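Notes for the one structure printed next.
The values are calculated or read from the model by the stated rules, or taken from the named source; none is laboratory data. This structure is a prediction, so every number in the text was calculated from the model and none was measured. Every residue, glycine as well, gets a Cβ built from its backbone with ideal geometry; the counts of neighbours run over all protein chains shown. Ligands, DNA and RNA are stripped out before the accessible areas are found, and what is left, the full protein with its side chains, is counted by its heavy atoms. Shrake-Rupley method; radii C 1.70, N 1.55, O 1.52, S 1.80 Å.
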Amino acid sequence: MKIRLIEPKAPGLNVFDRARLPRLGLPLLGRILAERGHDVRIYVETLAPIDWADIAEADLVGFSSTTATTPTAYQMAKRVRALGIPTVIGGSHVTFLPDEALQHCDFVVRREGQVTLLELVDALKCNSSEAPDFSHILGLSYRHPSGHPVHNPDRPPCTQEDFAALPSPALDLIVGHERMTNIPIMTQWGCPFACDFCSVIHMFGRRVRARPIEAVLAELETYRDRGAVFFYDDNFVVDKARTRALMRGMIERGLTPSWSAQMRAEAVYKDKSSSELDHEFLGLMRDAGCTMVYCGFESVNPATLDAYNKHQAVRDIRDSVRAFHEYGIHVHGMFVLGADTDGKETFQRTVDFALGNEIDTVQFLMLTPCPGTPFYERMAAQDRLLTDDLSLYDGHHCVIQ
């Protein structure tokens, strides 16, 4: 089949568009589909415009979206469906609101889609004279011929063994991939924490699955001398022994590009209870090429950190910035403002804290309810959502009372 996959761009100015980094779901699915013999091409709007003439010749068009990009994805899907081409959409937003998505697309792939999409493609390309049967495909939502939505049972999260067997994403299938400013590499899925506003654990679960160290090193080898690397893990440092092994492997093989990753402040500690720093770990980070960490500090208000279920103290934030700087690693501090526990003074306190602790770069976003999170359910139940314009659910706009 000729399959085209699209990651729409968010409308307006958006902080996540500043780095030309595609999410890795589509390149992973693209690799799997291409290995099955399908003709696959991926369009990421932040990298290159969509060739609609090419799209018009496809047998299936898929979309990956966030809450803020779903309106654009829905508009594109409408355009594609008008040509008689089947459409499928995936991502966290549609996973939790599939009925909404089915008003615009033919199929919804919920949660992890690497098996669900393959089975959908197999069903669509079946040459049987009968209508395709989708009832056996776990994790799929679609419309019954009678018109009512059908939500097949959820597909269980992939096992550690299944995850370890996944191929590396095919970045070369992305039109304009040469414009990427960093090479994105994912080494883990899932997060063991349970922050109140985060949809990651509801999408991928709290059981972390990790790729073998050797597979990550092999992928790094393919990008040797290609520039900086961004490790796309939601939390790069979950199992410190594993992270140490990866960094030692990078150093031993000379695979030490300038790299950055997302991690929690507590990664700097050897023993969090005593605030003892892990100097060996920090030294490995530096020697392996780490130049910047992206830390979800979230707040300098202890009451807000508790409300977010962050399991982090303001002291941890301060200690981590100082420790990373001691090893020459820059810090990008990410803050979420607007909790019920925040007051007007919180904003100035946050700015003063960032300046006083010399955080290198900062990101201030508004607290935004993402479907599938406890926070979203609470805001909806309390009738505090100010708008149903999903394009505003990007952290740049106030959408809750």
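Does Gly113 fit the bill of being closer than 27 Å to Ala380 by Cα and surrounded by 22 or more Cβ atoms within 10 Å (Cβ to Cβ)? When the stated conditions are applied, Gly113 does not pass them.
When Ser135, Ser141 are checked against the criterion of being more than 20 Å from Val40 (Cα to Cα) and surrounded by 12 or more Cβ atoms within 10 Å (Cβ to Cβ), Ser141 stands alone in meeting it. Scanning segment 196-210 for residues that are in contact with a Gly (Cβ under 8 Å, 6 or more places away or on another chain) and crowded, with 21+ Cβ neighbours inside 10 Å yields Ser199, Met203. Look through segment 233-256, keep the residues that are closer than 23 Å to Pro22 by Cα and surrounded by fewer than 20 Cβ atoms within 10 Å (Cβ to Cβ), and return whichever of them is farthest from the chain's Cα centre (by Cα). Applying the filter and picking the extreme gives Thr256.
Reported count of residues in segment 43-67, each being within 25 Å of Ala19 (Cβ to Cβ) and either open to solvent by less than 10 Å² (accessible area, probe 1.4 Å) or not hydrophobic (A, V, I, L, M, F, W, C) (or both), is 13. Filtering segment 135-177 to residues that are in contact with a Pro (Cβ under 9 Å, 6 or more places away or on another chain), touching a residue at least 40 places away in the same chain (Cβ under 8 Å) and in a loop (DSSP other than H, G, I, E, B) leaves Ser168, Pro169, Ala170, Val175, Gly176.
Here Glu219 does not fit the description of being open to solvent by 30 Å² or more (accessible area, probe 1.4 Å), of a type in the set (Asp, Glu) and free of Cβ contacts under 8 Å to residues at least 60 places away in the same chain.
To keep it simple, each residue is scored yes or no on (1) under 30 Å from Leu282 (Cα atoms); (2) open to solvent by 40 Å² or more (accessible area, probe 1.4 Å); (3) not in a helix (DSSP H, G or I).
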{"residue": "Gln312", "(1), (2), (3)": "yes, no, yes"}
{"residue": "Arg315", "(1), (2), (3)": "yes, yes, no"}
{"residue": "Arg322", "(1), (2), (3)": "yes, yes, no"}
{"residue": "His325", "(1), (2), (3)": "yes, yes, no"}
{"residue": "Gly328", "(1), (2), (3)": "yes, yes, yes"}
{"residue": "Ala380", "(1), (2), (3)": "no, yes, no"}
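Being part of a loop (DSSP other than H, G, I, E, B) and within 30 Å of His279 (Cβ to Cβ) is not true of Gly333.
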